[in-house]
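Here is the structure we will look at.
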Amino acid sequence: MRYAIIAALIAAPTLSLAGPAEDTVAARQGYFKLVGANMGALAGMAKGKIEYDAAAAQTAADNLVTLTKYDLTHLFAPGTSSSDMKDTRALAKIWDDFPGVQDKAGAFASAAAEMQTLAGQGKAEMTSALGTLGGACKGCHDNYRAD
């Protein structure tokens, strides 16, 4: 915890130099890092890299559902695509097809809700839900994120 506070204090002057577009990208990336951290915990358990822990799996699933309730629209401000600036992989296609992005977000929310139901019931149940959840992520990445 102490290191996180120190890192935040060191980063604060740098963040103040960023403009609104850079701040938006940083916030968007922060959101997806939270998604990735929880997905990583579930995937690690499914692959056997982390021992399955029902409580930890349930927490990760609960966190993902919480994240799906967050309104992301302000994190996708025009002018923040990979065509507009570096350090982002968000394709400009997002802004041309925002209804499609919203459909993909809905699929992710449904898959996260399914994971929430199954995550704590056992490794096999969690793993079965992970395929759908990962597919929802991939669907958006394949269409709206640069490699």
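A few comments on the model shown:
- Leading residue by the ranking (surrounded by the fewest Cβ atoms within 10 Å (Cβ to Cβ)) among those in region 110-128 that are of a type in the set (D, E, K, R) and free of Cβ contacts under 8 Å to residues at least 24 places away in the same chain: Glu125
- Members of region 55-76 that are surrounded by 15 or more Cβ atoms within 10 Å (Cβ to Cβ), touching a residue at least 40 places away in the same chain (Cβ under 8 Å) and under 20 Å from Gly122 (Cα atoms): Ala57, Gln58, Ala60, Ala61, Asp62, Leu64, Val65
- Of the listed requirements (1) closer than 18 Å to Ala27 by Cβ; (2) surrounded by fewer than 17 Cβ atoms within 10 Å (Cβ to Cβ); (3) in contact (Cβ under 8 Å) with a residue 40 or more places away in the chain, Ala105 misses just one: (3).
- Taken over region 77-94, the criterion of being assigned to a loop (DSSP other than H, G, I, E, B), of a type in the set (A, V, I, L, M, F, W, C) and touching a residue at least 60 places away in the same chain (Cβ under 8 Å) is satisfied by Met85 alone.
- Selection of first residues in region 129-147 that are of a type outside the set (Ser, Thr, Tyr) and surrounded by 16 or more Cβ atoms within 10 Å (Cβ to Cβ) and of second residues that are at pLDDT 95 or above and assigned to a strand (DSSP E or B), restricted to Cβ pairs under 7 Å at least 6 apart or on distinct chains, gives the following pairs, ordered by first then second residue: Arg145/Ala90.
The values are calculated or read from the model by the stated rules, or taken from the named source; none is laboratory data. Please read all numbers here as calculations on a predicted model, not as lab measurements. So basically every Cβ, Gly included, is an ideal-geometry build from the backbone, and we count neighbours across all protein chains shown.
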